[in-house]
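See structure below.
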Amino acid sequence: MSHDHPQIPITLGPLDRMSEHGQQTLGLVLGAAGEGCMACAEDLLDELTEPAAVGRLVEITRRTVAQLNDGTLPGALTTGSPGDGEDFRLLVRTITEAADPAAAAAQMPTARRRAASRTAAAVLASYAHTSHQAARDRAAAGTPTLADACLAQARLMTTWWRHQDPESEVHEGWRRASGETDLRAADGEQGAVYLLGAVFHALAQEEGIRDDIHALPYTRALPLIRDREAVVRIVKKFVSPPAQETTGTAVKRLAIDEPDAPAFVVLRLWADLVCAAHAAACCYQGPDHECTLRDRQAFLAPYAHAAA
Ligand SMILES: [Zn+2]
Ligand SMILES: [Zn+2]
């Protein structure tokens with residue numbers, strides 16, 4: 001193997017605090033690990049101790065793995081016995097819970113930050129190998145993940161419901177409750193879509209559904225939506241698709257920090273109303289009938305444009 005690895009440019013957001021040296025080192029680590037060369041990455045890790053750089057490395061690793069795993073994170077990245085990889089997993093969970101990984105890394109002594117970086121680089125390097133080529137091709141082609149499909153379905157159902165019940169008191173309830181939240185008043189529906197999509201995603205995983213989201217028996221989402229603890233647990237662990245990250249961060253912060261706040265109660269009520277309205281409107285009602293998303297497609301098709 002040639003050890004002439006590229007240096008990946010690092011772009012900084014307005015809130016990022018990373019030195020020039022940190023950016024350069026991180027770019028070199030990413031270049032080596034991205035080509036599967038742990039030896040070269042390893043040589044650089046002693047230089048990579050800045051909390052912001054460590055946080056970013058874990059963030060990039062987490063996102064790369066999620067993209068290559070149909071939008072979800074393998075369990076090994078989030079849970080495991082204490083010891084090997086624990087500091088890395090802690091930072092991955094921090095990001096999924098919409099908190100700042102740089103701040104969490106700053107709480108760790110240098111040796112633990114280095115351990116987290118080492119695990120992140122090793123995970124990235126392992127994903128660079130050809131066994132993941134099919135997943136890489138899928139990700140490169142922009143194939144929607146299960147999470148994308150669940151959110152799209154939730155959006156379509158929510159749009160349909162808005163047209164059925166434009167005067168719903170949930171809109172007024174949201175206007176009153178949302179003042180203090182990061183979701184501005186107009187974005188209540190996006191928050192409800194996110195919450196419902198996250199619940200669909202958890203249900204799909206429970207039901208072993210990966211490809212055909214239309215087989216999802218969505219009425220089974222209702223008991224989950226009505227169980228506050230379940231919703232908090234689901235939202236906290238849901239891996240946001242990149243396009244939904246802003247809404248996702250706001251909903252996660254509500255779920256984790258203020259699950260009893262009126263704004264979060266309204267979001268759950270909203271998702272509940274959308275889901276229950278679809279069950280009530282289903283025309284296939286019968287003793288053995290179980291509503292699936294497929295039942296709804298004929299009704300929803302005219303709203304696809306409005307939901308896009
Ligand atoms: Zn190398
Ligand atoms: Zn039905």
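Testing residue 11 on (1) part of a helix (DSSP H, G or I); (2) of a type in the set (Ser, Thr, Tyr); (3) loosely packed, with under 14 Cβ neighbours inside 10 Å, one condition comes back false. Which one is that?
With respect to (1) part of a helix (DSSP H, G or I); (2) of a type in the set (Ser, Thr, Tyr); (3) loosely packed, with under 14 Cβ neighbours inside 10 Å, residue 11 is out only on (1).
Could you check the range 260-272 and list, in sequence order, the residues that are touching a residue at least 24 places away in the same chain (Cβ under 8 Å) and either closer than 11 Å to residue 195 by Cα or surrounded by 18 or more Cβ atoms within 10 Å (Cβ to Cβ) (or both)?
263, 266, 267, 268, 269, 270, 271, 272
Could you grab me the full set of residues in the range 69-84 that are surrounded by fewer than 20 Cβ atoms within 10 Å (Cβ to Cβ) and either in a helix (DSSP H, G or I) or modelled with pLDDT of 90 or more (or both)?
Selection gives 75, 76.
Scan the range 93-108 and tell me whether some residue there is in a helix (DSSP H, G or I), more than 23 Å from the chain's Cα centre (by Cα), at negative phi and at pLDDT 90 or above.
Yes: the range 93-108 contains one or more residues that are in a helix (DSSP H, G or I), more than 23 Å from the chain's Cα centre (by Cα), at negative phi and at pLDDT 90 or above.
Since residue 277 meets every condition but one in (1) surrounded by 14 or more Cβ atoms within 10 Å (Cβ to Cβ); (2) modelled with pLDDT of 95 or more, which condition does it not meet?
(2)
How many residues does the range 27-49 hold that are in contact with a helix residue (DSSP H, G or I) (Cβ under 7 Å, 6 or more places away or on another chain), without any contact (Cβ under 8 Å) to a residue 24 or more places away in the chain and among the acidic types (Asp, Glu)?
Final tally of qualifying residues: 0.
If we scan the range 42-52, do we find a residue that is more than 16 Å from ligand 1 (Cβ to nearest atom) and in a helix (DSSP H, G or I)?
Yes - at least one qualifying residue is present in the range 42-52.
Hey, residue 279 hits all of (1) outside any loop (DSSP other than H, G, I, E, B); (2) closer than 27 Å to residue 72 by Cα but one; which does it fall short on?
(2)
Filter the range 159-178 down to the residues that are within 20 Å of residue 302 (Cβ to Cβ) and either surrounded by 23 or more Cβ atoms within 10 Å (Cβ to Cβ) or touching a Cys at 6+ places or on another chain (Cβ under 9 Å) (or both) and list them by number.
160, 161
Residue check, residue 302 against (1) outside any loop (DSSP other than H, G, I, E, B); (2) within 21 Å of the chain's Cα centre (by Cα); (3) away from ligand 2 (no atom under 16 Å from the Cβ); (4) more than 21 Å from residue 78 (Cβ to Cβ), all met but one. Which one?
All conditions pass for residue 302, except number (2).
So how many residues does the range 18-34 have that are buried (at least 24 other Cβ atoms within 10 Å of the Cβ) and farther than 14 Å from residue 117 by Cβ?
So the answer is 0.
Mind telling me which of the residues 284, 303 ends up being away from ligand 1 (no atom under 16 Å from the Cβ), exposed (fewer than 13 other Cβ atoms within 10 Å of the Cβ) and among the aromatic types (Phe, Trp, Tyr)?
Criteria check complete, one pass: 284.
The values are calculated or read from the model by the stated rules, or taken from the named source; none is laboratory data. Predicted model only: the values in this text are computed from it and were never measured. We place every Cβ from the backbone using ideal geometry, glycine too, and count neighbours over all the protein chains shown.
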